[in-house]
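Participant: Got a structure for you, written out below as structure tokens; questions coming shortly.
The values are calculated or read from the model by the stated rules, or taken from the named source; none is laboratory data. Small disclaimer: the values here were computed from a predicted structure and weren't measured. No Cβ is skipped: glycine too gets one built from the backbone with ideal geometry, and neighbour counts run over all protein chains shown. Ligands, DNA and RNA are excluded from the accessible area calculation, which covers all protein heavy atoms including side chains. Shrake-Rupley method; radii C 1.70, N 1.55, O 1.52, S 1.80 Å.
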Amino acid sequence: MRVVIAGSSGSIGTALVAALRRDGHDVVRLVRRPAAARDEFSWDPIRAQVPERALRGSDAAINLCGAGVGRRRWNGSYKQELRDSRITPTDVLATAVAAAGVPTLINASGVHYYGGATGDRVVTETSPAGTGFLGTLCRDWEAATKPADDAGVRVVHIRSALVLSRHGGLLKLLEPLYSLGLGGRLGNGRQYVPWISLADEIGAIAFALTHDTLRGPVNMAGPAPVTNAEFSRALALALHRPAPLVVPSVALRLLIGEFAEEAILHGPRAIPTALEEAGYPFRHHTIGQALASIFAD
């Protein structure tokens, strides 16, 4: 297949490009700087400029654009950046995909689409959108693919959980703390931590490319969601270190602000119903399997 990827410079995008090429696919990258390689095309979502020749003859487009939700403390300007970095590029790319006749668009989203007030209730792809900033952000992000939907493009919304990788994201921050014996649960530890290994995130995206039965929302989450306390114990076990500490909820709210309330102290108990029904073969079924594999490398 010929696959066009926007947002390929992050840890997920980099791994995805490499995996697709290993599988024999022709990968083209959309970049926001001047193109510097034969596989790159420069685009400008702010000016709604997507080179038609980048999409011509493509079998699918994958959009992974979006500033990191935990990169900075949230304030009004950064929350607007989180929206602008997702919704505008998605609308522009969806419009270009529709115009070019690309048959498939796989678009990033987040499992916090369901909000954080779900408690112990299991959520699937048919569960309603939640409230709060992240729930609204994900809902509007997915709605920005409407130009492609209206044109009959097969649109897949990958609602990603916490992607576990030693080289990026939360694990990169937690590993040194846990290695020093400074790990532990956050808040009361009963909140769910939806997770997926990087290997399964990449594998499931590649699976969605070639399985036309997948359409609409797809939870990119491991089959066995865990609580924060269970996650902390599993990480400590994988690193052969104790995790005796408890970070009180009030401290997290003071240190991190609104992000702590929406993404750390609350989390949906999301399960990957669509992937399982489509027959995706998970490599890591439990958090223990995932972490053992990650830290064995």
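Participant: Return one number: the angle in degrees, 0 to 90 and rounded to the nearest 10, between the long axis of the Cα atoms of helix 198-210 and the longest principal axis of the Cα atoms of the chain.
Facilitator: Its long axis makes an angle of about 30 degrees.
Participant: Angle, helix 11-22 long axis vs. longest principal axis of the chain, Cα atoms, 0 to 90°, nearest 10?
Facilitator: Orientation of helix 11-22: about 50 degrees from the principal axis.
Participant: Give me the net charge for the shell around A243: Cβ to Cβ below 10 angstrom, other residues only, Lys and Arg +1, Asp and Glu -1.
Facilitator: Spelling it out: positives minus negatives among the neighbours equals +3.
Participant: If I stretch the segment between A292 and E258 completely, what's the gain in nm (0.36 nm per residue apart, minus their alpha carbon distance), one decimal?
Facilitator: Contour length minus Cα-Cα distance gives 9.1 nm.
Participant: Against the longest principal axis of the chain, how steep is helix 169-179, in degrees 0 to 90 to the nearest 10, with axes from Cα atoms?
Facilitator: Tilt of helix 169-179: around 30 degrees.
Participant: Taking all protein chains as present, what is the carbon and sulfur share of the accessible area of region 1-47, in % to the nearest whole number, probe 1.4 Å?
Facilitator: Percent of accessible area from carbon and sulfur atoms in region 1-47: 50.
Participant: If you don't mind, another one. Is the shape of region 224-295 rounded, prolate or oblate, going by the alpha carbon gyration tensor and its root eigenvalues a ≥ b ≥ c, with a/c under 1.5 for rounded and a/b larger than b/c for prolate?
Facilitator: Numbers: a/c = 3.30, a/b = 1.40, b/c = 2.36.
Oblate, since a/c reaches 1.5 and b/c is not below a/b.
Participant: Can I ask one more? Under 10 Å, Cα contacts only: if you run a Gaussian network model on the chain, which one of L180, L265, L20 comes out with the highest mean-square fluctuation?
Facilitator: Comparing L180, L265, L20 in a Gaussian network model of the chain, the most mobile one is L180.
Participant: Rounded if a/c is under 1.5, else prolate if a/b beats b/c, else oblate: with a ≥ b ≥ c from the C-alpha gyration tensor eigenvalues square-rooted, which is region 1-111?
Facilitator: Values: a/c = 1.83, a/b = 1.46, b/c = 1.26.
The shape class here is prolate.
Participant: To the nearest 0.05, how large is the calculated FRET efficiency for T88 and E52 if R₀ is 25 Å and r is the Cβ-Cβ distance?
Facilitator: Step by step, r from the Cβ atoms, then E = 0.85.
Participant: Put a dot 7 Å past each Cα toward the Cβ at R32 and S9; how far apart are the dots in nm?
Facilitator: Those two pseudo-labels are separated by 0.8 nm.
Participant: To one decimal place, what Kirkwood hydrodynamic radius in Å is obtained for region 164-297 from all pairs of distinct Cα atoms?
Facilitator: So the Kirkwood estimate lands at 15.7 Å.
Participant: Next question, about the same structure. Rank R53, R159, R253 by mean-square fluctuation in a GNM of the chain with C-alpha springs under 10 angstrom and give only the top-ranked residue.
Facilitator: Its mean-square fluctuation being the largest, the pick is R53.
Participant: A follow-up question, please. Accessible area per residue for region 99-140 in Å², computed with a 1.4 Å probe and the full protein assembly in place, what is it?
Facilitator: Normalised by residue count, the accessible surface of region 99-140 is 38 Å².
Participant: Need the full-extension length gain, E277 to A99, defined as separation in residues times 0.36 nm minus the C-alpha distance. One decimal, nm.
Facilitator: 60.9 nm
Participant: Test of understanding: in a Gaussian network model of the chain with alpha carbons linked when under 10 Å, which of S197, S127, S232 would top the mean-square fluctuation ranking?
Facilitator: In the Gaussian network model the winner is S127.
Participant: Modelled label-to-label distance, A224 and A67, 7 Å Cα→beta-carbon offset: nm?
Facilitator: Rounded to a tenth, the inter-label distance reads 3.8 nm.
Participant: Heavy-atom accessible area per residue, region 180-280, 1.4 Å probe: how many Å²?
Facilitator: With the other protein chains kept in place, region 180-280 gives 42 Å² per residue.
Participant: Give the relative contact order (percent, whole number) for region 123-226; include only Cα pairs under 8 Å separated by 6+ residues. Before the final figure, lay out the partial values.
Facilitator: Values: 93 pairs, mean separation 37.7, N = 104.
Contact order relative to length: 36 percent.
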